[in-house]
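Below is one structure, written out as structure tokens; comments come after it.
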Ligand SMILES: [Zn+2]
Ligand SMILES: [Zn+2]
């Protein structure tokens, strides 16, 4: 019994650290990207919508959902630590890049099919909260229902039993997903380029923004290949990236006080 309580205490400390760091990253990215967005109003993807008005609701739900995400990560790491899984591969810089990529590819596949499931008749009720944000913002990435989060982020609690990734690779992926997801929901496009459209498997912010605005396309997280293969990619995605690529003004780091965005809307 003593062992059980010791284990529980260790797990709680691990979870508390993961949660504190993730919340800190959430706010740092949120305010940092908002700073950038304010300086680049022409890069707004949905020109006529202001998703920012849902900020308070999105932050509230995110603080709960991040706890579910961190619980999944904590379960995975704790299971490894206790020796309940295969012995994790030792971390080395030589294999770090290919294993990180493999982890991304596996996470993307997990996410795609979990997300397709969440759009079915029975499961959509768990996913509806995330889709209240029609024009996503930097605060939307984690504004997800709790069952929904458990499904889409449950990857970390499961993958440790299938592929013995080292904790460093798992944590690096979690951090990268947090950064990628916040940019992916930012509502402003900074990554439109040839590398974000066909035939490249990579994507830019417009991809998931379209998922929120048009609802039935673009389910994947990191790469477009599942959507291309399953026929769920938006038919206008590649074209929209191309247009953004040509029309976007140069990146600005200065606030243009002469032309505040609101006066133009
Ligand atoms: Zn969805
Ligand atoms: Zn989303």
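Points 7 angstrom from Cα along the Cβ direction at residue 27 and residue 121: gap in nanometres? Label at residue 27, label at residue 121, 4.4 nm between them. Between residue 245 and residue 146, the modelled labels are 4.4 nm apart [label points 7 Å from Cα along Cα→Cβ].
For the pair residue 200 and residue 179, a Förster radius of 25 Å applied to the C-beta separation gives a FRET efficiency near 0.80, rounded to the nearest 0.05. Full extension of the chain segment joining residue 39 with residue 4 gains 7.4 nm, where the gain is 0.36 nm per residue of separation less the Cα-Cα distance. Does anyone have the angle between helix 93-118 and the longest principal axis of the chain? Alpha-carbon axes, 0 to 90°, nearest 10? It works out to around 70 degrees.
Ranked by the mean number of other Cβ atoms within 10 Å per residue, highest first, peptides 105-114, 63-72, 180-189 order as 180-189, 63-72, 105-114. Fully extending the segment from residue 60 to residue 102 would add 11.8 nm, taking 0.36 nm per residue of separation and subtracting the current Cα-Cα distance.
Extension gain, residue 214-residue 94: 0.36 nm per intervening residue step, less the Cα-Cα distance, totals 39.0 nm.
Rounding to the nearest 10 and keeping the result within 0 to 90°, find how far the Cα-based axis of helix 205-214 lies from the longest principal axis of the chain. It works out to around 80 degrees.
Placing pseudo-labels 7 Å out from each Cα toward the beta carbon at residue 229 and residue 132 gives an inter-label distance of 3.5 nm.
Average 1/r across all pairs of distinct alpha carbons in the chain, invert it, and you get the Kirkwood radius: 19.6 Å. In the chain, the longest principal axis of the Cα atoms and the axis of helix 237-247 are about 60 degrees apart. The residues 58, 242, 6, when put in order of fewest to most other Cβ atoms within 10 Å, stand as 6, 242, 58.
Helical runs (DSSP H, four residues minimum) scored at -39500 (n - 2.57) apiece and divided by the length of the chain put the mean residue ellipticity at 222 nm at -19000 deg cm²/dmol.
FYI, it's all coordinate maths here, none of it is from the lab. Keep in mind that what you see is a predicted model, and the values were worked out from it rather than measured. FYI the Cβ positions are ideal-geometry reconstructions off the backbone, even for glycines, and counts take in every protein chain you see.
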